[in-house]
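Read through the structure below, which is laid out as structure tokens, and then see the notes.
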């Protein structure tokens, strides 16, 4: 049997898209846009929450349709290119207009395209990994993604120091585009003689069938619920930690930059460390560790009174952030029947998208409810996230008894 040689250029080009898109995620979602809205333009946390959650709701509704286009046509490069270019243009526009309403609309569009593009990007993996290990190639992308976060912060920092937070958006968009180009140019779609027509009706029939099938696997449904709860916490912390660091702890932009870099490097360590723990001790103990770690981190954030304590929180949150993805994927593979793994990964992905909708909304509503306070509103929001993590631990305790 002839073994197909891996296309090294395609693999490297594909991996660098992960490097590129995490620059957008770190600089725009996690750092500068949130601070631009709430500090520079005086917008409320709830306003930012609604726009972020609204864009994720649009993504959640679109993903099944985009998945159908990807699977039935096999055409991924053109949709990926279009979504990437729109994201780049919308991100650049935020910096050019400097108006809150326009900036929020541009962010909605940019985040929608950034998130939706991942459907087509991930769909490229089986094609480019022929002749080598899928997990290994995926690992290259993850590793370059963490590196991209750090490089993006360092590359844009001089522009922000010179021109303020508004100056971050155009260089971020440009760097995103530059490192995405290899994937858009060199990763080809597989040759197909007869391209299937897209049948959208089958998309929703498949979703219905998947849900019905999933209801037969109670432990799996409980795990997806737990995954949703903990991602509520993780996604919200990613989106709002820069605001908390600025308004509660008093960090300036340089300190926040360093804090984010430290947390990202810790996430890299956490990914490898939790991966080792999964291999040595199994998924159940590893997931316990991740859940309890997040509960401890959130409680520390809520009560932290000094910068020194907050600097401890960063690496711990990074470890938990890197670890949650590693162990949750491994756990899903263990629980799901092999012949239905793809379907259940679809539910797993949907849980992540829904968490990105509800988590930011919860944060925004809590901060709005306690808006008369200066810093307590943010501590209250983190404490609510702590309670959510406790609920996740409670459900996991019930699940662990049945495994």
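Worth a mention:
- Residue 247 modelled with pLDDT of 90 or more, more than 15 Å from the chain's Cα centre (by Cα) and surrounded by fewer than 20 Cβ atoms within 10 Å (Cβ to Cβ): yes
Conditions (1) touching a helix residue (DSSP H, G or I) at 6+ places or on another chain (Cβ under 6 Å); (2) closer than 18 Å to residue 244 by Cα, marked per residue:
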position: 41; (1), (2): yes, yes
position: 46; (1), (2): yes, yes
position: 50; (1), (2): no, yes
position: 57; (1), (2): yes, no
position: 61; (1), (2): no, no
position: 76; (1), (2): yes, no
position: 80; (1), (2): yes, no
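- Filtering 55, 25, 13 for residues that are assigned to a helix (DSSP H, G or I), within 20 Å of residue 361 (Cβ to Cβ) and either modelled with pLDDT of 95 or more or more than 13 Å from the chain's Cα centre (by Cα) (or both) leaves a single hit, 55.
- Some residue of region 89-98 being assigned to a helix (DSSP H, G or I), out of contact with any strand residue (DSSP E or B) (no Cβ under 7 Å at 6 or more places or on another chain) and free of Cβ contacts under 8 Å to residues at least 12 places away in the same chain: yes
- Number of residues in region 84-112 that are surrounded by fewer than 22 Cβ atoms within 10 Å (Cβ to Cβ) and closer than 15 Å to residue 17 by Cβ: the value is 1.
- When residues in region 44-67 are screened for being buried (at least 21 other Cβ atoms within 10 Å of the Cβ) and in contact (Cβ under 8 Å) with a residue 60 or more places away in the chain, 7 of them pass.
- Matching residues, region 68-83, being surrounded by fewer than 19 Cβ atoms within 10 Å (Cβ to Cβ) and not in a helix (DSSP H, G or I): 74, 75
- Members of region 378-394 that are farther than 16 Å from residue 305 by Cβ and in contact (Cβ under 8 Å) with a residue 12 or more places away in the chain: 381, 384, 385, 386, 388, 389, 390, 391, 392, 393
Yes/no matrix, rows are residues, columns are (1) under 21 Å from residue 388 (Cα atoms); (2) assigned by TED's automatic domain parsing to the domain that holds residue 156; (3) without any contact (Cβ under 8 Å) to a residue 24 or more places away in the chain:
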| residue | (1), (2), (3) |
| --- | --- |
| 236 | yes, no, no |
| 246 | no, no, no |
| 253 | no, no, no |
| 273 | no, no, no |
| 285 | yes, no, yes |
| 288 | yes, no, no |
| 293 | yes, no, no |
| 297 | yes, no, yes |
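- Residues located in region 99-126, provided they are farther than 23 Å from residue 38 by Cα and not in a helix (DSSP H, G or I): 124
- Any hit, region 330-338, residues being in a loop (DSSP other than H, G, I, E, B) and farther than 22 Å from residue 261 by Cα: yes
- Residue within region 217-234 that is outside any helix (DSSP H, G or I) and modelled with pLDDT under 90 present: yes
- Filter pass, residue 295 being more than 17 Å from residue 392 (Cα to Cα) and touching a helix residue (DSSP H, G or I) at 6+ places or on another chain (Cβ under 8 Å): no
- Restricting attention to region 253-309, the residues that are crowded, with 17+ Cβ neighbours inside 10 Å and in a loop (DSSP other than H, G, I, E, B) total 1.
The values are calculated or read from the model by the stated rules, or taken from the named source; none is laboratory data. Owing to the predicted nature of the structure, the values given are computational and were not obtained by experimental measurement. Positions of Cβ are generated from backbone atoms using ideal geometry, with glycine treated the same way; all protein chains shown enter the neighbour counts.
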